[in-house]
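Asker: Below you will find the structure I want to go over with you.
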Amino acid sequence: MTEIKTPYFLIDKEALDSGVKKLRTALANAWPNYVIGYSYKTNSLPWVIRYFKENGCFAEVVSDDEYYLAKAISAEHVIYNGIAKTRDTFLEAVRNHDIVNIDSEYEIDWLDELEKGAYSVGIRVNFDLESKCPGQTQCGEDGERFGFCFENGELKKAMDRIESKGVRIAGLHLHKSSKTRMPDIYRAISEASVEIARKYSLKLSYVDIGGGFFGGLESKPQFPEYFDMVAGILRQQFSPEETALIVEPGMALICAPVDYVTTVTDVKRTARNTFVVTDGSRTQIDPLMTKTSYFHELVMDPGRIRRTLDRQIITGFTCMEHDRLFELKDAEELLPGDRIVYHKVGAYTMCLTPLFIKWFPDVYLKDGEDLIKVRSRWRTEEYTCSICGDKE
Ligand SMILES: Cc1ncc(COP(=O)(O)O)c(C=O)c1O
């Protein structure tokens, strides 16, 4: 594949298939009445979202744009979450009997606009995870901002308002983004759902525990560790006959099957360092610039003569000094034409990459022996194709 122009992303279909199969098996064993909602925000490349639709996953969307994207690929089942819904898409989803989880006060007002009928919604729960899993939450002592707070009564108030409009509370949505992704988080989530359902005598059609799981990493918890434990707790209050378990994985399914392939373009020797310049960039695999290391592999022609260098710093194509990916210590020198392949980069990369200096790169799919381009890199035509001067 060295003849393909870099940089590009490469999706491994076999690894994707294997992740979905493992997830389904673990869920089916733990709680036979389950739904997988693939999290669009994690990677909404059209080929990727179609793949998950064809594999029976619901579309988990969190904005009008994502909602319309799901419609554009004829997704049959939508889970509509988040704080970026619009009134029209919200009402359309409720009327369609999609799974809609209310997260903001104004959504409850929008319910007034529904015609007479039997409607149901879910509600996003905000509960104090930091007190149950100290140090594991993303915002620590400041707490999380999504959903209606259980502890201070806001959740009960919101549920009462919804029910006063004749709309049924069908489900609880308890997604939490944690630093650790450990099973403890899901223990706390499951316990909270049991406690809330008991306290308010809720008859729920679903408990949605959200996403945030590990997947595709042997050294990390595997799917059965999460779901066997979750099911054990849910059974204290719910049964699979009456209540579905919804999961919303993104990272766990799409991170591991994707590589990013780059080529060394130049080597700069300065007074202080050797900088290996590549045609890839940190902005394309770590757009938030938070990672401290990357799974990577060096593909070097063994026929070339190389010295061993104390230190080489691998850098990207942008003009930002901190577009530095990793260091090589006491290693053979990299030379122009060598390739660096980054592994497990399918989550929060393609959909978060900025249009900075270079546009979006090619994406290929490896399906057995076949290599298929599933997105062509953006050129000037794509960048300039939006209509200017439109009046809203
Ligand atoms: C509501 C919701 N569901 C699912 C996810 C997917 O999380 P992950 O990609 O970590 O599995 C997120 C991510 O932030 C989310 O906010």
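The values are calculated or read from the model by the stated rules, or taken from the named source; none is laboratory data. This one's a predicted model, so the numbers in the text were calculated from it and none came from an experiment. Every residue, glycine as well, gets a Cβ built from its backbone with ideal geometry; the counts of neighbours run over all protein chains shown. These accessible areas exclude ligands, DNA and RNA; they are computed on the full protein's heavy atoms, side chains included. Shrake-Rupley method; radii C 1.70, N 1.55, O 1.52, S 1.80 Å.
Asker: Given region 257-384, report the % of alpha carbon pairs whose separation exceeds 19 Å.
Answerer: Numbers: 4188 of 8128 pairs.
Every Cα pair in region 257-384 considered, those over 19 Å come to 52 percent.
Asker: How many angstrom separate the Cα center of region 56-91 from the Cα center of region 1-48?
Answerer: Going from one Cα centre to the other spans 19 Å.
Asker: Largest first, please: the extent of the C-alpha atoms of region 31-254 along each principal axis, to the nearest Å.
Answerer: Principal extents (largest minus smallest coordinate, Cα): 51, 43, 37 Å.
Asker: Taking K and R as +1 and D and E as -1, what net charge do the other residues with C-beta under 12 Å from the C-beta of F58 add up to?
Answerer: Details: positive: K53; negative: E60, E76, D98, D208, E248.
Neighbourhood net charge equals -4.
Asker: Now a separate question. Please compute, over every Cα-Cα pair in region 141-266, the percentage with a separation greater than 20 angstrom.
Answerer: On the way: 4042 of 7875 pairs.
Here the tail beyond 20 Å accounts for 51 percent of pairs.
Asker: Same structure again: What is the distance, in nm, between label points placed 7 Å from the Cα along the Cα-to-Cβ direction at L114 and at N55?
Answerer: Each label point is offset 7 Å from its Cα along the Cβ direction, giving 3.3 nm.
Asker: Could you tell me the relative contact order of region 31-254? Use alpha-carbon pairs under 8 Å, at least six residues apart, and round to a whole percent.
Answerer: Working: 409 pairs, mean separation 46.9, N = 224.
Dividing the mean separation by the residue count of region 31-254 yields 21 percent.
Asker: Taking R0 as 30 Å, what's the FRET efficiency between R272 and A331 from their Cβ-Cβ distance, rounded to 0.05? Walk me through the numbers on the way to the answer.
Answerer: On the way: r = 18 Å, r/R0 = 0.59.
Calculated transfer efficiency: 0.95.
Asker: Let me ask something else about it. How about region 193-241: which trypsin sites (Lys or Arg not before Pro) there are in a DSSP loop, with at most 16 other Cβ atoms within 10 Å of their Cβ? List each step's numbers first, then the result.
Answerer: On the way: sites: R198, K199, K203, R235; in loops: K203, R235.
Those that pass, being in a loop and sparsely packed, are K203, R235.
Asker: What distance in nm separates the two pseudo spin-label positions at D65 and E242, each 7 Å out from Cα along the beta-carbon direction?
Answerer: Label at D65, label at E242, 4.2 nm between them.
Asker: I need the per residue convex hull volume for region 205-330, using only the alpha carbons, in cubic angstrom as a whole number.
Answerer: Values: hull volume 19.2 nm³, N = 126.
Roughly 152 Å³ of hull volume per residue.
Asker: Here is a further query. What residues have an amide H closer than 5 Å to that of G37, excluding those fewer than 5 places away on the same chain, when H is modeled at 1.01 Å from N in the peptide plane?
Answerer: When sequence neighbours closer than 5 places are left aside, the close amide H contacts are F58, V247, E248.
Asker: Among K329, K116, K165, which one shows the biggest mean-square fluctuation in a GNM of the chain, springs joining Cα atoms closer than 10 Å?
Answerer: K116
Asker: With springs only between Cα atoms under 10 Å, which of E113, E297, E191 fluctuates most in a Gaussian network model of the chain?
Answerer: E113
Asker: Please compute the length gained on full extension between A28 and S293, using 0.36 nm multiplied by the number of residues separating them and subtracting their Cα-Cα distance.
Answerer: Working: separation 265, 0.36 × 265 = 95.40 nm, distance 3.48 nm.
Full extension from A28 to S293 adds 91.9 nm.
Asker: What is the spread of the Cα atoms of region 286-333 along each of their three principal axes, largest first, in whole Å?
Answerer: The Cα atoms of region 286-333 stretch 37, 20, 18 Å along the principal axes, largest first.
Asker: When ligands, DNA and RNA are left out and all protein chains stay put, how many square angstrom of accessible area per residue does region 35-105 have with a 1.4 Å probe? Write out the running numbers ahead of the final one.
Answerer: Details: 2580 Å² over 71 residues.
Roughly 36 Å² per residue, with all protein chains present.
Asker: Can I ask one more? Amide H to amide H under 5 Å from G122: which residues, 5+ apart in sequence or cross-chain, H placed 1.01 Å off N in plane?
Answerer: Long-range HN contacts for G122: V100, N101, I102, A170, G171.
Asker: Let me ask another. At 1.4 Å probe size, with the rest of the protein present, what percent of the exposed accessible area of region 257-384 is carbon and sulfur atoms?
Answerer: Numbers: 3520 of 6880 Å².
Percent of accessible area from carbon and sulfur atoms in region 257-384: 51.
Asker: Per the Cauchy relation, a quarter of the hull surface: what is the mean projected area of the convex hull of the alpha carbons in the chain, in nm²?
Answerer: Here the figure is 23.0 nm², rounded to one decimal.
Asker: Here's something else I'd like to know. What residue among V267, V62, V48 has the largest mean-square fluctuation in a Gaussian network model of the chain, using Cα springs under 10 Å?
Answerer: V267
Asker: Within the chain, what's the longest stretch lacking chymotrypsin sites (Phe, Trp or Tyr not before Pro) that sit in DSSP loops with no more than 15 other Cβ atoms inside 10 Å? Each step should come with its number before you reach the end.
Answerer: Working: sites that count: Y200, F295, F356, W359, W378.
For chymotrypsin sites (Phe, Trp or Tyr not before Pro) (loop position, at most 15 other Cβ atoms within 10 Å), the longest site-free span of the chain is 1-199.
Asker: Quote the convex hull volume per residue of region 330-383, based on C-alpha atoms, as a whole number of Å³. Display every interim value, and only then the final one.
Answerer: On the way: hull volume 9.6 nm³, N = 54.
Hull volume over Cα atoms, normalised by residue count, gives 178 Å³.
Asker: Related question: Net charge within 10 Å of D12 by Cβ-Cβ distance, Lys/Arg positive one each and Asp/Glu negative one each, not counting D12 itself?
Answerer: Numbers: positive: K13, K366; negative: E14, D17, D259, D367.
For residues surrounding D12, the net value is -2.
Asker: Would you check the accessible area of C319, probe 1.4 Å, heavy atoms only, in square angstrom rounded to 10?
Answerer: It works out to around 110 Å².
Asker: Testing the spin-label approximation: label points 7 Å from Cα along Cα→Cβ at E3 and K21. State their distance in nm.
Answerer: 3.2
Asker: Just to confirm my numbers, what's the Cα centroid distance between region 292-311 and region 351-384 in Å?
Answerer: 26
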